[in-house]
Amino acid sequence: MYERDNRVVHGVIDRAVVVGTGQIVLVDYKTHRSARPDNLLEFAEFYREQMQQYADGLRRAWPTRAVRSVLLFTSCCATIEVAAASGSATIAS
């Protein structure tokens, strides 16, 4: 929980992993049955603000570590990395 733009931000991060480089990989699981590799960019845009808030919270807790945000879609076994900048995402399966 932290304050952003005069509002309290509270959320539950599904998984945060510190990898060998010291970077934190933030993973949020999504169970949308309609998710497919060809429509993940749409989902990524929808969840961008949520992922940004989670990443901001992690950066406040560990200010010296880089944070990567990844959505994991369980229905199609695919991931998409969500960058802070709008329109920027990378799909992996």
Against the conditions (1) assigned to a loop (DSSP other than H, G, I, E, B); (2) at pLDDT below 90, where does E3 fall short? Just the number, please. (1)
Taking the range 23-51 and the residues there that are more than 13 Å from L72 (Cβ to Cβ) and assigned to a loop (DSSP other than H, G, I, E, B), the one that is most open to solvent (accessible area, probe 1.4 Å) would be R33
Hits in the range 73-86 (condition: at pLDDT 90 or above and over 9 Å from the mean Cα position of the chain (by Cα)): F73, T74, S75, C76, C77, A78, T79
Looking only at the range 6-22, count how many residues are open to solvent by 60 Å² or more (accessible area, probe 1.4 Å), part of a strand (DSSP E or B) and small (G, A, S). 0
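With the structure loaded, tell me whether Y2 is in contact with a helix residue (DSSP H, G or I) (Cβ under 6 Å, 6 or more places away or on another chain) and open to solvent by 30 Å² or more (accessible area, probe 1.4 Å) or whether it fails that test. Before you say what the answer is, go through the steps one by one.
Numbers: in contact with a helix residue (DSSP H, G or I) (Cβ under 6 Å, 6 or more places away or on another chain): yes; open to solvent by 30 Å² or more (accessible area, probe 1.4 Å): yes.
So Y2 passes the test.
The values are calculated or read from the model by the stated rules, or taken from the named source; none is laboratory data. Everything numeric in this text was worked out from a predicted model, so none of it was measured. Note that we place each Cβ from the backbone using ideal geometry, even for glycine, and neighbour counts take in every protein chain shown. All accessible areas refer to the heavy atoms of the entire protein, side chains included, with ligands and DNA or RNA removed. Shrake-Rupley method; radii C 1.70, N 1.55, O 1.52, S 1.80 Å.
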